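The values are calculated or read from the model by the stated rules, or taken from the named source; none is laboratory data. Computed from a predicted model, the values in this text were never measured in an experiment. Positions of Cβ are generated from backbone atoms using ideal geometry, with glycine treated the same way; all protein chains shown enter the neighbour counts.
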Amino acid sequence: MTTTPGTEYPFAPVPPAEAVEHLGRIIADRPMTKMTMPYGGDVWLVHRNAAAREILSDRRFVREPFRTGERVVPFFVPFPDFLRGTLQFEDPPQHTKLRKLVQKAISPKRVREMRDSAVAFANELIDGMIGRGGVRDLVPEYSLALPIEMLSNLLGVPSSDREKFERWSSSTLAVAGKTEAEVAADMAELAAYMTGLIAERREEPRDDLLSALAHARDRDETLTDAEILPIAFILIVGGFDNTATFLSTGVLALLSNDEERARFAADPDGLAATAAEEVLRHGGFATGRPAGGGGGLVPFVATEDVVVDGQLIAKGEAVSIDPSAAGHDPAVVTEPARFDIGRPDNPHLTLSHGLHHCLGAPLARMELQVGLAELFKRVPGLRLAGEPVFSRDVLTQPMTSLPVTW
Amino acid sequence: MTKENTIVPKVFYTQSDGIERVVEAEAGDSVMQTAVRNGVPGILGQCGGSLSCATCHVFLDERHADDFPPVGEDEDDMLDVAATDREDNSRLSCQLVLAPGQEVHVTIPETQL
């Protein structure tokens with residue numbers, strides 16, 4: 001297969017404006033590209049937004065072969081084994097049962113009720129940073145602290161256990177930097193701890209997610225520990241690093257774009273919702289850091305031949321959504337290279353769509369909105385005091401440091 | 001095919017601020033799909049209609065109360081946890097599938113998240 005010049009995929013990092021143009025040329029040229037991943041072999045990466053939505057709504061694409069181990073997950077790092085036991089690798093009907101139980105506990109309504117406590121905790125964290133003064137590291141002191149607090153509250157982890165809970169949790173995503181034995185030991189400790197907590201909640205339920213799951217009834221079935229544990233794990237994975245990185249990226253994007261920062265600081269509450277969506281769509285690009293192409297969300301496998309947007313995806317082939325391209329598709333996003341925190345409709349797929357759309361989406365969105373709004377309300381003169389640091393040692397490649405001052 | 005079967009369904013979406021927009025739909029599509037495909041703001045439909053997100057909540061005009069199958073068990077559960085409190089005429093718009101020629105009036109709640 002020959003590729004039209006200027007539409008190569010994957011492509012190495014280039015300045016963000018160039019990357020958006022490159023993605024636009026690919027999208028004009030074809031709906032998807034077959035690429036060989038470092039692990040797990042070939043996968044179709046779907047660039048066009050409409051084609052991506054079509055696939056995400058089509059039950060003929062499943063994840064069972066990854067869950068059973070029949071297929072290796074095509075990904076840029078070895079996909080951690082424990083994640084293959086989680087909800088995101090289940091298909092209906094088991095997926096439907098688990099998902100509904102969890103979604104009730106992490107629903108739009110529940111998250112709305114958590115909003116006031118998120119605002120209060122964000123302000124506590126800001127008080128701490130202002131009190132300490134000088135150059136502060138936004139990631140540990142704010143972006144990570146906020147989602148950890150929210151998720152621990154939601155799960156029902158007592159505050160006295162937070163420190164060890166965080167340490168074990170950080171191991172769940174380690175792909176380097178820790179030995180396999182260290183990771184395995186931390187994971188086992190986390191599993192044992194969570195199992196103990198679930199047992200306590202079975203005895204004495206409280207108003208938290210573990211209690212809700214321990215006492216959930218789906219018709220006549222209840223959830224076993226073996227079903228609850230992976231749910232807790234997947235929430236930890238998404239709820240810590242990913243949320244923190246979105247928040248840090250949002251702050252960095254605003255600090256890198258004077259006009260949008262001034263606009264946001266003038267009306268943080270009014271713009272928080274649209275700004276959060278724009279950070280999810282384009283935040284990484286808006287930081288000015290070079291952007292490349294090559295990689296996507298967790299893949300699916302086609303159970304039969306399916307033609308999508310004119311391209312045959314053959315039975316047994318893997319397919320994955322390229323959220324960078326889908327969020328910069330000129331067919332659905334006007335001026336995709338522009339960072340516009342007031343963009344009214346924002347059809348990005350960063351949190352996916354359909355059956356497997358991000359379980360914690362309501363919570364992540366709320367934390368991003370509150371985290372950005374409170375920070376710029378209290379510290380409108382926030383500015384960078386150094387370069388951000390990213391870790392390549394964990395699956396989510398989080399931002400681990402962002403020095404700021406005011 | 002009778003004449004009615006060839007007429008496209010229409011959905012009248014009223015935003016919480018009172019502004020109405022009429023969209024021509026396709027028979028067999030839901031009120032949620034019609035909104036998402038036509039960029040009607042305020043209906044998100046994140047789960048694509050699998051009854052697991054409660055982000056396509058609408059208030060169905062009383063005159064259509066009997067035009068659709070009643071609220072199912074799963075829909076009922078999700079309506080309980082929608083961001084805007086449910087009312088007697090609350091529905092998840094992914095469950096409102098349009099028949100040829102059908103006209104439906106819905107009001108979109110203030111927030112879905």
Legend entry - Single residue of A:Glu277, A:Glu259 found to be of a type in the set (D, E, K, R), within 20 Å of A:Ala50 (Cβ to Cβ) and out of contact with any helix residue (DSSP H, G or I) (no Cβ under 6 Å at 6 or more places or on another chain): A:Glu277
Inset, instruction - Among residues belonging to the stretch A:320-345 that are closer than 27 Å to A:Ala265 by Cβ and within 14 Å of another protein chain (Cβ to nearest Cβ), point out the one that is farthest from the chain's Cα centre (by Cα). - result: A:Thr334
Inset, instruction - Within the stretch A:346-358, work out how many residues are hydroxyl-bearing (Ser, Thr, Tyr) and either on the phi < 0 side of the Ramachandran plot or over 21 Å from the mean Cα position of the chain (by Cα) (or both). - result: 1
Inset, instruction - Give the stretch B:1-20 a look and list any residue that's at pLDDT below 95 and not in a loop (DSSP other than H, G, I, E, B), or say none. - result: B:Lys3, B:Glu4, B:Asn5, B:Thr6
Legend entry - Number of the condition not met by A:Pro92 [criteria: (1) away from chain B (no Cβ under 14 Å); (2) of a type outside the set (A, V, I, L, M, F, W, C); (3) more than 17 Å from the chain's Cα centre (by Cα)]: (1)
Inset, instruction - Taking B:Asp61 as the residue in question, decide whether it is free of Cβ contacts under 8 Å to residues at least 60 places away in the same chain and either over 13 Å from the mean Cα position of the chain (by Cα) or surrounded by 22 or more Cβ atoms within 10 Å (Cβ to Cβ) (or both). - result: no
Inset, instruction - Answer yes or no: is there a residue in the stretch B:92-100 that is in contact with a Phe, Trp or Tyr (Cβ under 9 Å, 6 or more places away or on another chain), surrounded by 15 or more Cβ atoms within 10 Å (Cβ to Cβ) and closer than 30 Å to A:Leu363 by Cβ. - result: yes
Inset, instruction - Hey, can you tell me all the residues within the stretch A:10-52 that are under 30 Å from A:Phe89 (Cβ atoms), part of a strand (DSSP E or B) and among the hydrophobic types (A, V, I, L, M, F, W, C)? - result: A:Phe11, A:Met32, A:Met35, A:Met37, A:Val43, A:Trp44, A:Leu45, A:Val46
Legend entry - Number of the condition not met by A:Thr7 [criteria: (1) out of contact with any Asp or Glu (no Cβ under 8 Å at 6 or more places or on another chain); (2) surrounded by 14 or more Cβ atoms within 10 Å (Cβ to Cβ); (3) part of a loop (DSSP other than H, G, I, E, B)]: (1)
Inset, instruction - For the stretch A:53-68, name all the residues that are within 11 Å of chain B (Cβ to nearest Cβ) and either on the phi > 0 side of the Ramachandran plot or not in a helix (DSSP H, G or I) (or both). - result: A:Ser57, A:Asp58, A:Arg59
Inset, instruction - Test A:Arg112 against the stated conditions and say whether it is crowded, with 16+ Cβ neighbours inside 10 Å, away from every other protein chain (no Cβ under 14 Å) and of a type in the set (Lys, Arg). - result: no
Legend entry - Residues (assigned to a helix (DSSP H, G or I) and of a type in the set (Asp, Glu)) located in the stretch A:130-146: A:Glu141
Legend entry - Selection count, the stretch A:312-345, where residues are surrounded by fewer than 17 Cβ atoms within 10 Å (Cβ to Cβ) and on the phi < 0 side of the Ramachandran plot: 10
Inset, instruction - Taking the options B:Val40, B:Val71, name whichever one is away from chain A (no Cβ under 14 Å) and more than 18 Å from A:Leu355 (Cα to Cα). - result: B:Val71
Legend entry - Positions within the stretch B:80-113 being touching a strand residue (DSSP E or B) at 6+ places or on another chain (Cβ under 8 Å) and either of a type in the set (Ser, Thr, Tyr) or facing chain A (nearest Cβ under 10 Å) (or both), in sequence order: B:Ala82, B:Ala83, B:Thr84, B:Arg86, B:Ser90, B:Ser93, B:Thr107, B:Gln112
Inset, instruction - Of the numbered conditions (1) touching a Ser or Thr at 6+ places or on another chain (Cβ under 7 Å); (2) touching a residue at least 60 places away in the same chain (Cβ under 8 Å), A:Arg25 fails exactly one; give the number of that condition. - result: (2)
Inset, instruction - Give the residues of the stretch A:269-307 that are part of a helix (DSSP H, G or I), more than 14 Å from chain B (Cβ to nearest Cβ) and either among the acidic types (Asp, Glu) or farther than 30 Å from A:Ala373 by Cα (or both), sorted by residue number. - result: A:Glu278
Inset, instruction - Name, by its number, the condition in (1) surrounded by fewer than 17 Cβ atoms within 10 Å (Cβ to Cβ); (2) touching a helix residue (DSSP H, G or I) at 6+ places or on another chain (Cβ under 7 Å) that does not hold for A:Gly131. - result: (2)
Legend entry - Among (1) crowded, with 19+ Cβ neighbours inside 10 Å; (2) of a type outside the set (A, V, I, L, M); (3) in contact with a Ser or Thr (Cβ under 6 Å, 6 or more places away or on another chain); (4) more than 12 Å from chain A (Cβ to nearest Cβ), the one test that B:Gly48 misses: (4)
Legend entry - Criterion: within 14 Å of chain B (Cβ to nearest Cβ), closer than 23 Å to A:Ser143 by Cα and outside any loop (DSSP other than H, G, I, E, B) - qualifying residue of A:Leu349, A:Leu375, A:Leu355, A:Leu363: A:Leu363
Legend entry - Number of positions in the stretch A:188-211 that are farther than 20 Å from A:Lys164 by Cα and in a helix (DSSP H, G or I): 3
